[in-house]
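Student: Have a look at this one before I ask anything.
The values are calculated or read from the model by the stated rules, or taken from the named source; none is laboratory data. Worth saying up front: this structure is predicted, and the values here are computed from it rather than measured. Using ideal geometry, Cβ is built from the backbone for each residue, glycine included, and neighbour counts are taken over all protein chains shown. Please note that ligands, DNA and RNA were not included when accessible areas were found on the heavy atoms of the full protein model with its side chains. Shrake-Rupley method; radii C 1.70, N 1.55, O 1.52, S 1.80 Å.
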Amino acid sequence: MGPWLDSITGWLTVNPQWLAAAVFIVACVECLAIAWLIVPGTVLLFAIAVLAGSGALPLGETLLLGFLGGLFGDMVSYFLGRHFHQNIRRLPGLRHHPEWISGAESYFQRYGIASLLVGRFIGPLRPMLPMVAGMFDMPFPRFIAVSLLAAAGWSVAYLLPGWATGAAIRLPLPEGFWPEAGIVAGSIAVMIGLSVTSSLRRHRHASAFIASLGLVILLGLFFGYPHLSALDQGLMTLVQEHRSPMMDEVAVIFTLLGEFRNMLVFSALLTGLLLLTRQWRQAIFVGGALLCTAIGNTVTKHFFARLRPEVLTDPLTSYSMPSGHASGSFALFLALGVLAGRGQPPRMRLTWLLLGCMPALAIAMSRVYLGAHWPTDVLAGAMLAACVCAASLWLSQRQTPLNPMPPKVWWLVLPSMLALFAFFALRHLPHAMLRYAY
């Protein structure tokens, strides 16, 4: 695969005018049933994203093209399944591997709409599930609504790392940037790897172990951030070099959702709904995690008294470390991810947590993009939330595990939370655009 990949990337380097089309086509193929068997889309997509980040394509355009390509691949797969139904098993590539279809069918029948969201991030299932949804005659409006959300998250998760890598290679970064980035990235990778391993092996005290790992990294950031200035300055330079009006609008929307007062209302709504539906232990877990995260953020922010970056035209006067937006959003969405994964196998629980991290990550990254926080601020906020949520879960399950919530509770919680998110975004967007202008 090496020479073949090198020839494609080499040709695109010489012909950058075709790079936008390449992002769309490869994203489409990666999400297209049967075609993914032939083309190593994930590796190729990362390589093309690196080329895009080297200055050929803006970030917003790269993500949009990946989103549209993935969505188009989903739609083609869906209509293939809807047209052929069970005859799809006779198509080349699937005829000799009936287990691929059978596995996707079982997954779809078990988890329904959720399978399209979660399966988007599981390699073999990603191109198969839209086709299976068509085979089972899932209504197209429902399918496309779920695919829009899944394709947006997938585009960011699969294209942003490659694009950022290409941009970082192109720019002259401060001396010491790469060693510091390696230390921070390595520490997080070790934490994630050990956390996933302990969860998959169903260790009795996995939550306590994860909380301990998060606390170690959090303390390292609290006391080591003065020695990570090259990392902070380099990432801030990288981000500010690639600001655009379209990305400004997107970042403002996400940062708006993470405002303290908004997060307070979201948290109160979620806890109140859990109490209203008599989900007592779940309410204690959520309320405890969110309250302790807010208190921990406030105390440590004033203890370290770190100044914010001087990027905004109207600089904020509050302290910077850790980011309240990051800690609040990660605590909220991680708590939702934990509740969604109750009663499910370890891989599904981890996938729900991954999905929960995505909107929180978007809110956290918007703070760096807008110049309101240093990168280590948002990382510290995320670690604080992860540590507190894991500790709260461990305490909540010391006697008996948390039970999964009934579907009727989720049908009350999710629409209510989404409606409140939409309300705040539409109400405060004009003010936010003025506040976070260059």
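Student: Considering only the range 273-303, state which residues are open to solvent by 30 Å² or more (accessible area, probe 1.4 Å) and within 18 Å of P404 (Cα to Cα).
Tutor: Within the range 273-303, L275, L276, T277, R278, W280, R281, I284 qualify.
Student: Look at L379 and say whether it is at pLDDT 90 or above, more than 17 Å from G287 (Cα to Cα) and more than 13 Å from the chain's Cα centre (by Cα).
Tutor: yes
Student: I need the helices (runs of 4 or more DSSP H) fully contained in the range 1-109, keeping only those with at least 3 residues that are of a type outside the set (D, E, K, R), closer than 21 Å to R142 by Cβ and at pLDDT 80 or above.
Tutor: Answer list for the range 1-109: 59-84.
Student: So which of G341, G324 ends up being more than 27 Å from W154 (Cβ to Cβ) and either hydroxyl-bearing (S, T, Y) or within 20 Å of the chain's Cα centre (by Cα) (or both)?
Tutor: G324
Student: What number of residues within the range 50-70 are closer than 18 Å to V250 by Cβ and open to solvent by 10 Å² or more (accessible area, probe 1.4 Å)?
Tutor: So the count comes out to 9.
Student: Which one is least open to solvent (accessible area, probe 1.4 Å), of the residues in the range 203-257 that are aromatic (F, W, Y) and in contact (Cβ under 8 Å) with a residue 40 or more places away in the chain?
Tutor: Here the residue is F222.
Student: Follow-up. Can you tell me how many residues within the range 347-379 are surrounded by 24 or more Cβ atoms within 10 Å (Cβ to Cβ), assigned to a helix (DSSP H, G or I) and of a type in the set (A, V, I, L, M, F, W, C)?
Tutor: Residues flagged as surrounded by 24 or more Cβ atoms within 10 Å (Cβ to Cβ), assigned to a helix (DSSP H, G or I) and of a type in the set (A, V, I, L, M, F, W, C) within the range 347-379 amount to 6.
Student: Scan (1) surrounded by 15 or more Cβ atoms within 10 Å (Cβ to Cβ); (2) part of a helix (DSSP H, G or I); (3) basic (K, R) for the single condition R306 breaks and write down its number.
Tutor: (2)
Student: If a residue must be at pLDDT 85 or above and aromatic (F, W, Y), how many such residues does the range 144-166 contain?
Tutor: Total satisfying the criteria: 0.
Student: Would you say R281 is charged (D, E, K, R), farther than 28 Å from A181 by Cβ and either assigned to a helix (DSSP H, G or I) or touching a strand residue (DSSP E or B) at 6+ places or on another chain (Cβ under 6 Å) (or both)?
Tutor: Taking the combined requirement at face value, the residue satisfies it.
Student: Go through the range 135-175 residue by residue and tally those that are outside any helix (DSSP H, G or I) and of a type in the set (S, T, Y).
Tutor: The total comes to 0.
Student: Would you please name the residue that is least open to solvent (accessible area, probe 1.4 Å), looking only at residues in the range 144-185 that are among the polar types (S, T, N, Q) and in contact with a Gly (Cβ under 8 Å, 6 or more places away or on another chain)?
Tutor: Of everything passing the filter in the range 144-185, S155 is least open to solvent (accessible area, probe 1.4 Å).
Student: Quick check on my filter: what residues within the range 186-202 are over 14 Å from A386 (Cα atoms), in contact with a Leu (Cβ under 7 Å, 6 or more places away or on another chain) and open to solvent by less than 20 Å² (accessible area, probe 1.4 Å)?
Tutor: Hits for the range 186-202: nothing passes.
Student: Any chance you could count how many residues in the range 176-233 are polar (S, T, N, Q) and either over 17 Å from A382 (Cα atoms) or not in a helix (DSSP H, G or I) (or both)?
Tutor: Number of matching residues: 5.
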